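Chemist: Please read through the structure below; I'll follow up with questions.
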Amino acid sequence: MSNQLILAFESSCDDTSVAVVSTDYKVLSNVTSSQPVHEEFGGVVPELASRAHITNIIPVTKAALSKAEISLRQIDAVAVSVNPGLIGSLLVGVSFAKSVAWSQGKPLIAVNHMLGHVFANKLTHPELEPPYLALVVSGGHTELVHFLSETEFTIIGKTRDDASGEAFDKIAKLLKLGYPGGPIIDKLAKGGNPDFYRFPRGMNRKGIYDFSFSGMKTAVSTYIQEQSDEYIQANLSDILASIQAAIVDSLVSKTVNYAKQEHIGSIIVAGGVSANSALRERFEAYHNKYNIYFPELEYCMDNAAMIGAAAVGKLQRGEFADTTLNAFSRKGLRYV
Ligand code: KG4
Ligand code: ZN
C-alpha cells in the first residue's frame with residue numbers, strides 16, 4: 001500500500017497539538033501549543049483549557065500543515081483523540097476534526113488517548129510488533145497492559161488510587177515545587193541518594209499487579225511535617241530521589257515480575273512519566289533479559305503525532321468513524 005498522510009489532533013487536556021504523520025510512522029510535523037494560563041492554579045482548570053483549545057486549534061493546525069509543507073487537500077485521513085480526558089477539551093478537537101474530515105471528504109479515525117501513548121513507541125521503533133507488555137504511566141493513568149496484537153489486549157493491573165504522574169504532581173505541590181511535578185522532581189532529584197529514606201511501596205505483594213500510590217503520598221506528607229524546613233531544603237535532592245525511587249520501584253518491579261511470570265520478551269513504556277530518568281535507568285538494568293522500548297522524549301508527553309501513529313493500523317484496516325462521533329471521558333486504555 002502506498003504511503004498515506006494522516007492529520008492528527010490531540011486536545012484531551014491542556015496541550016493543543018496537531019501533527020502530520022505518514023503511514024510508515026514518519027512525523028512530518030508535530031506542533032504543540034501548551035497553556036501557561038494554568039500555572040498560577042497549580043493544576044489544569046478545565047474551562048480555561050477548553051477556551052484555550054478553541055483559540056489555539058486553527059493556528060496550530062495551520063502551523064502543522066505549513067511545517068509539513070502540505071495543503072489540507074493532500075491529507076488522506078483525519079485522526080483525533082476522543083477519550084479519556086477533559087470533556088470540554090476533547091470536544092474542541094473532535095468537533096474540529098469532524099469538520100475537517102467532512103469538508104475534505106476524508107475518513108475520520110477515533111483514537112483512545114492512552115492507546116496513542118502506547119503507539120508513540122512506533123514513531124521511534126516502527127519495527128515494534130506485539131506481543132509486548134505495556135506500562136502506561138501518565139498524569140491520569142497507571143496501567144499494565146498485555147498486548148497480544150494491535151487490536152487485542154488485556155489490562156493486567158491499574159492504580160487503585162492516584163496515577164503515578166499524579167503522585168509526582170501532588171508531592172511537588174506539597175513541597176511547593178511547582179506544576180507539573182514530575183519533570184521538576186526528576187530534575188531536582190538528580191545526584192540525590194535514592195536510599196536516603198525508605199518511603200513505602202504500595203501493594204507490594206507477589207502476584208498483585210494493581211498499583212497504589214496514596215499510602216506513599218501520605219507517608220511523604222507525614223515525613224515533611226515531621227522535619228524542619230531547613231532540613232528539607234538541605235536534603236532536598238536526597239528526599240526527592242527517595243520519593244522517586246519508591247514510585248519507580250513499584251512500576252518496574254510489577255512490570256518485570258509479570259513479564260517473567262508470563263514469559264513476555266518485550267516491554268514498552270508509555271505516557272508522560274516514561275520521560276522520567278530514574279525509570280529509564282531502572283529498566284535499563286533489564287536490557288539483557290527483555291527488549292525494552294521507550295518513546296523519544298518529545299513523544300512521551302501529550303502530542304498529536306502519537307494519535308496519528310495509533311491511527312495508522314485503523315486507516316489500513318478501514319476502521320472509520322462517522323459524523324456522529326462524540327467525545328467521551330471514560331477512563332482507561334481501550335480500543336476506542
Ligand atoms: O501523558 P501526559 O503528558 O498527560 C496525561 O495523559 O496525563 O502525562 C503528564 C504527567 C504529569 O503527571 C507529569 O508530572 C508527568 O507526566 N511527567 C513526569 C515527567 N515528565 C512528565 N513524571 C516523572 N518524571 C518526568 N520526567
Ligand atoms: Zn497523556
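None of the figures in this text is laboratory data; all of them are computed from the coordinates on show. Since we're looking at a predicted model, the values are computed, not measured. In this analysis, Cβ positions are derived from the backbone assuming ideal geometry, glycine residues included, and neighbour counts consider all displayed protein chains.
Chemist: In segment 194-266, which GluC sites (Glu not before Pro) are in a loop and have at most 16 other Cβ atoms within 10 Å, using DSSP for the loop call?
Modeler: Numbers: sites: 226, 230, 262; in loops: 262.
Answer by residue number: 262.
Chemist: Do any GluC sites (Glu not before Pro) in segment 1-102 lie in a DSSP loop with no more than 12 other beta carbon atoms within 10 Å, and if so, which?
Modeler: Numbers: sites: 10, 39, 40, 47, 69; in loops: 69.
Those satisfying the criteria are 69.
Chemist: While we're here: Would you mind checking segment 11-32 for residues with the amide N under 18 Å from a putative spin-label position 7 Å along Cα→C-beta of residue 317?
Modeler: Under 18 Å, as judged by backbone N against the label point of residue 317, lie 23-25 of segment 11-32.
Chemist: Taking only C-alpha pairs under 8 Å that are 6+ residues apart, what is the relative contact order of the chain in percent?
Modeler: Working: 737 pairs, mean separation 85.1, N = 336.
Contact order relative to length: 25 percent.
Chemist: What pairs in 67/190; 170/254; 62/190; 98/254; 67/176; 158/260 have C-alpha atoms more than 30 Å from each other? Could the numbers behind the result be given before it?
Modeler: Details: 67/190 35 Å; 170/254 22 Å; 62/190 39 Å; 98/254 40 Å; 67/176 38 Å; 158/260 18 Å.
Cα-Cα > 30 Å for 67/190; 62/190; 98/254; 67/176; rest within.
Chemist: So if I take the centroid of the Cα atoms in segment 221-255 and the same for segment 10-61, what is the distance between those two points in Å?
Modeler: Comparing the Cα centres of segment 221-255 and segment 10-61, I get a distance of 32 Å.
Chemist: Expressed as a whole percent, how much of the Cα-Cα distance distribution for the chain exceeds 36 Å? List each step's numbers first, then the result.
Modeler: Numbers: 11150 of 56280 pairs.
Here the tail beyond 36 Å accounts for 20 percent of pairs.
Chemist: Do any trypsin sites (Lys or Arg not before Pro) in segment 205-310 lie in a DSSP loop with no more than 15 other beta carbon atoms within 10 Å, and if so, which? Intermediate results must be reported in sequence, preceding the final value.
Modeler: Values: sites: 205, 206, 217, 254, 260, 280, 282, 289; in loops: 205, 206, 289.
When the trypsin sites (Lys or Arg not before Pro) of segment 205-310 are filtered for loop state and at most 15 Cβ neighbours within 10 Å, 205, 206, 289 remain.
Chemist: Oh, and also: Residues of segment 144-188 with the amide nitrogen closer than 18 Å to a label point 7 Å from the Cα of residue 37, along Cα-to-Cβ, please.
Modeler: 180
Chemist: Then there's this: If the elastic network links every pair of Cα atoms under 10 Å, which of 313, 207, 116 fluctuates the most in the Gaussian network model of the chain?
Modeler: Greatest mean-square fluctuation among the candidates belongs to 207.
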